[in-house]
Amino acid sequence: MSAPPIAEPQAAVKAKKNKAIPPQRLSFGQRLRRDWPLLLMCLPAMLLLLVFHYIPALGNVIAFQDYNPFAGDDPLEAFLYSEWIGFGNFEYLFQTSAFWDSVVNTLSITAFQLVFYFPVPIFLAILLNSIMSPRIRSLVQSVVYLPHFFSWVLVVSLFQMMIGGAGLLAQTLRQAGYTPPDMMTNPDTFILLITSQALWKDAGWGMIVFLAALAAIDTSLYEAAAADGANRWRRMWHITLPGLRSVVILLLILRLGDALNVGFEQFILQREMVGRDAAEVVDTYVYYQGIAIQQWGVGAAAGLFKAVIGILLIVGANKLAHRFGEQGIYSKS
Amino acid sequence: MSADTAIRPRRNSNRPAWEEKPTLIGQFGKGTIITVVLAVVLVPLWTVVVTSLSSEKTINEAGGYVFVPRELNPSAYVVIFSGGQVTDAILVSTFVTILGTAISLIVTVLAAYGLSRPGTLGHRSILFYFLLTFLIYPGMIPSYLVVTGLGLKDNLLALILPTAISAFNLVVLRAFFMNIPGELYDSARIDGAGELRILWRIVLPLSRAVTAVVGLFYAVGYWNAFFNAILYIDRNDLQPVQRVLQQFILAGQSPTTSGMAVAIPGLGSSTPPSLAIKMAVVVVTIVPALIVYPFIQRHFTKGVIIGAVKG
């Protein structure tokens, strides 16, 4: 598979003019003698990625094997001695309803969040941008960024403590004489629960990109529109929202490419509480197939399926962006 | 706390002359939304901190969580810091965070600097090698097999090395390094400085803020790491703090995660930890972020935007 070219960062292009080492016609040996310290500096990072990223990526070949960790002296050597079974694992996978359930769950969660999560950071950014007092702005910003730095364990715990069966809300309701529902364990409303957790954790953080895009809009546009008699709503419609357009499209693409990736820890933490039917996503399926019940080949096949679909979605969504006349995440070239 | 200040900016000098005065409804609406947003974030944190500092008696009187502080009772913290599983976990997480952040920062800064001058040998292919990680995921099962195959099971390095380098942070740093004027390099080179010296004496001092943000991202990642511990750490005394938090708060709900014995001195292993102790554990997992946060916060936007645009 040929990976699409990734855009050279713009700064690189700019910087080349003023400070790059002049592109003299040096021989390979001369360049090596000149640049070896820089190459050496890249080496540790490259090795780490090789061992913990690229070798595991190659290790996906066990999706085509009946992998047996005891076939060799250690799990790595077992790669070499396990039996090849072609697409057997995939056939098994595609006939398993549990797998398709996890795919459907994942996709419905993505779709739901696209509608109910995605617009919230945009809305927050526009709201915050309309507030003039710098003190309040920075207060709001520091508060809403904060949960991004909490772990999923902590976020789920906090939700448990606030709205769980023994939580603060239930406690208050009980004292007022009501019997509270346990919102943490109800499979029917699980999708609402995880979306609100995701919102609580990351909506504020997601605002940053939009705030930056808003700050980049030329204020003279607003001034001119106001002089022409456009009221605040028209200015928002004709200046603010178009100003956000390319960022919105960029983030939509990224989200689409991540359609099968809905956040693993959040689900593994709550899978037991609400039951498999609601909380099984592709990632948790991979985990339970592969690591918990040790069907390594099947788990790897599910993971590979997810990764391949993810790449296809990214490439496809990016094509779509080009059709919209946007730059996308990598340019056409 | 903020509601009254939010509705006040009537004669605001920050408002450009052409913009209309905000309507009363508009101001009220914005004030309400902002107050609600702030409350939704802050109320849980407040409740947790207050409850963790309350005595058994106050907690019983309140019927569970305490919202209005009446006392300052640090006994829950004394219990969790006086040895036992929580203390172990805090030490483990601190160790992993410090060592991990150091390794990550060193490796990332070196690579970002190595790639920061276009035109060097192999620069394009090496950059592509790093950027490709955005598209190709290693997959959970093969990663598990590789890490365990390297003998890292029940080794704290398993919590560090697999996530030691993020191409995103690398790109952020590289973009910043590339904006440093080339004349600085030239003058340093004329003075006879090698690459390492240039990096240490010139580039790093100029990019302290960005490096700090990247360091914070790494540190938060290590402190919050939870899933790698499930995969690679079985021994009780090597569990990080997030895992203990899960045991204390969430495992009561789920029968399957009862693998770890909850043993706290003075409570006996069969007694469930009291609410104040649970809340103290929650506070302990939050506090490191809260301490670093104010110092780094003002640099976020810059760092994230560089990364977002150039990534």
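The values are calculated or read from the model by the stated rules, or taken from the named source; none is laboratory data. Just so it is clear, the model here is predicted, and its values are computed rather than measured. Counting neighbours? That spans all protein chains shown, and the Cβs are built from the backbone with ideal geometry, glycine included. For the accessible areas, the whole protein counts, side chains as well, though only heavy atoms, and no ligand, DNA or RNA atoms are used. Shrake-Rupley method; radii C 1.70, N 1.55, O 1.52, S 1.80 Å.
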| field | Top-ranked residue of the range B:182-207 - restricted to ones that are more than 8 Å from every other protein chain (Cβ to nearest Cβ) and under 18 Å from residue A:33 (Cβ atoms), ranked as most open to solvent (accessible area, probe 1.4 Å) | value | B:189
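Report yes if residue A:72 is open to solvent by less than 40 Å² (accessible area, probe 1.4 Å) and either basic (Lys, Arg) or on the phi > 0 side of the Ramachandran plot (or both), otherwise no.
No, not satisfied.
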| request: At least 3 residues that are under 30 Å from residue B:207 (Cα atoms), more than 12 Å from chain A (Cβ to nearest Cβ) and touching a residue at least 24 places away in the same chain (Cβ under 8 Å) in each: list the helices (runs of 4 or more DSSP H) lying fully within the range B:17-114 that qualify. | output: B:85-114
| Are any residues in the range B:119-139 modelled with pLDDT of 90 or more and surrounded by 22 or more Cβ atoms within 10 Å (Cβ to Cβ), and if so, which ones? | B:127, B:130
| note | Residue count, the range A:202-224, condition within 11 Å of chain B (Cβ to nearest Cβ) and open to solvent by 20 Å² or more (accessible area, probe 1.4 Å), comes to 11
| query | Taking the range A:305-326 as the search range and keeping residues that are touching a helix residue (DSSP H, G or I) at 6+ places or on another chain (Cβ under 7 Å) and modelled with pLDDT under 80, which one is farthest from the other protein chains (Cβ to nearest Cβ)? | reply | A:324
| said: Can you confirm whether residue A:198 is surrounded by 19 or more Cβ atoms within 10 Å (Cβ to Cβ), in a loop (DSSP other than H, G, I, E, B) and either touching a strand residue (DSSP E or B) at 6+ places or on another chain (Cβ under 7 Å) or aliphatic (A, V, I, L, M) (or both)? | reply: no
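Being surrounded by 15 or more Cβ atoms within 10 Å (Cβ to Cβ) and out of contact with any Asp or Glu (no Cβ under 7 Å at 6 or more places or on another chain): is that true of residue B:116 here?
yes
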| In the set B:118, B:142, B:162, which member is at the interface with another protein chain (Cβ under 7 Å from one of its Cβ atoms) and closer than 26 Å to residue A:32 by Cα? | B:118
| Hey, any hits in the range A:313-326 for a residue that's touching a residue at least 40 places away in the same chain (Cβ under 8 Å) and closer than 20 Å to residue A:93 by Cβ? | yes
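Going through the range A:52-63 one residue at a time, which ones are more than 7 Å from chain B (Cβ to nearest Cβ) and open to solvent by 20 Å² or more (accessible area, probe 1.4 Å)?
Result: A:54, A:58, A:61.
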| Failed condition for residue A:117, given (1) touching a Leu at 6+ places or on another chain (Cβ under 7 Å); (2) within 14 Å of chain B (Cβ to nearest Cβ), with all others met? | (2)
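For (1) over 30 Å from residue B:295 (Cα atoms); (2) within 14 Å of chain B (Cβ to nearest Cβ); (3) open to solvent by 50 Å² or more (accessible area, probe 1.4 Å), each residue gets a yes or a no:
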residue: A:130; (1), (2), (3): no, yes, no
residue: A:159; (1), (2), (3): no, yes, no
residue: A:163; (1), (2), (3): yes, yes, no
residue: A:168; (1), (2), (3): yes, yes, no
residue: A:171; (1), (2), (3): yes, yes, no
residue: A:177; (1), (2), (3): yes, yes, yes
residue: A:180; (1), (2), (3): yes, yes, no
